[in-house]
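Report on the following structure.
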Amino acid sequence: MNNLLIDIGNSGIKTALSKGRSVYSVKRFSYSDENFLNDFKKSLTYKKKEVGRIGVSCLNKNNHKLVDYICKLRYSIKPEIIKFSKSLPIKIIYEKSLGTDRICSAVAAAVKYRPRKNILVIDFGTATTYNLIINLVYLGGLITPGIITSLSALNSHANLPVAGLKSSGRLVRNKTEANIISGVMHQSLFTTEKVIEKLKKDYKDLFIVCTGGLADIIFKKTKLIDKKDKNLVLEGINYIINQKQTKY
């Protein structure tokens with residue numbers, strides 16, 4: 001039987017199936033806080049016979065009981081909702097408010113990319129998070145506004161196209177919309193590169209991996225990121241719920 005993996009972020013839901021270490025059939029959905037119940041139900045598209053276990057990373061703890069209820073109703077399976085735990089394969093030096101998406105991506109990177117000992121995971125989502133793992137110890141990181149969050153803050157009256165971010169190569173532009181797009185994209189790019197440069201001076205052989213829905217935008221514009229791995233959170237969920245049964 002497959003594991004059903006569910007990653008519920010700040011504005012989107014990502015689902016997948018897994019068998020062993022293989023994660024496949026990845027699907028993405030958006031949701032609104034006001035309509036979370038119906039949006040979450042719609043994201044559970046896999047058939048009951050396909051699912052043997054369920055693992056969930058859900059940032060909003062207020063939705064945990066609802067997620068538990070809907071999963072049991074849909075699949076007759078109690079989901080394993082990821083929590084801050086001492087039984088993880090990495091030691092975490094951070095308060096218990098650490099988001100489970102950050103925990104899962106850090107776990108996945110530490111397991112998947114060993115024997116590398118020094119890893120920086122950058123997640124480009126609603127927020128951009130930097131997560132530093134040194135010798136299997138999660139030391140913490142940084143949080144900055146995400147690309148779309150910054151766009152929305154500067155342009156509240158209209159939706160600027162995300163596609164423009166991908167093609168925005170020139171720094172200086174001569175239209176207001178293009179100025180905003182270039183500014184937001186390059187601010188994120190320059191911040192990312194500066195953080196990487198600083199941490200590489202502090203930690204030898206630092207391996208940089210990026211993930212998240214907006215990872216493509218920055219990854220294509222810099223040579224400082226070693227690897228793009230868009231399913232790290234899902235892979236982390238999979239590892240955590242399997243760790244008692246599967247030897248990686």
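Which whole-Hz couplings ³J(HN,Hα) result when phi for each residue of the range 216-231 is put into the Karplus expression 6.51 cos²θ - 1.76 cosθ + 1.60, θ = phi - 60°, listed in order with x for Gly and Pro?
The phi angles translate into 4, 4, 7, 4, 6, 10, 9, 9, 8, 9, 7, 8, 9, 9, 6, 10 Hz.
Tell me whether the range 2-81 comes out rounded, prolate or oblate; compute the Cα gyration tensor, take square roots of the eigenvalues as a ≥ b ≥ c, and use a/c under 1.5 as the rounded threshold. The partial results should precede the final answer.
On the way: a/c = 1.68, a/b = 1.39, b/c = 1.21.
Here the range 2-81 falls in the prolate category.
When the dipole is taken about the Cα centre of the chain, and only Lys, Arg (+1) and Asp, Glu (-1) are charged at their Cβ, what size is it in debye, to the nearest 20?
On the way: 42 positive and 19 negative charges, 171 e Å.
Once rounded to the nearest 20, the dipole reads 820 debye.
So if R0 is 25 Å, what FRET efficiency would F84 and K220 give, r being the distance between their Cβ atoms, rounded to the nearest 0.05?
Result of the calculation: an efficiency of 0.15.
Classify the range 101-140 as rounded, prolate or oblate from the Cα gyration tensor: take a ≥ b ≥ c as the square roots of its eigenvalues, call it rounded if a/c is under 1.5, otherwise prolate when a/b beats b/c and oblate if not.
prolate
Please compare each pair in K204/K227; K42/K65; K61/K112 to a cut-off of 24 Å on the Cα-Cα distance and tell me which ones are over it.
Where the Cα-Cα span goes over 24 Å, the pairs concerned are K61/K112.
From the residues L189, I119, T176, which one has its Cα farthest along the dipole of the chain in the positive direction, the dipole being from +1 and -1 charges on Cβ of Lys/Arg and Asp/Glu about the Cα centre?
Final value for the positive-end residue is I119.
With +1 on each Lys and Arg Cβ and -1 on each Asp and Glu Cβ, and nothing else charged, work out how big the dipole of the range 1-87 is about its Cα centre, in Debye to the nearest 20.
400
In terms of modelled amide H atoms, which long-range or inter-chain residues lie less than 5 Å from the amide H of I13?
Those lying under 5 Å, H to H, from I13 are F29, S30, Y31.
Since every read-out is calculated from the coordinates, none of them should be taken as a lab result. Since the structure is predicted, the reported quantities are computational estimates derived from the model, not experimental observations. Virtual Cβ from ideal backbone geometry, glycine too; neighbours counted across all protein chains shown.
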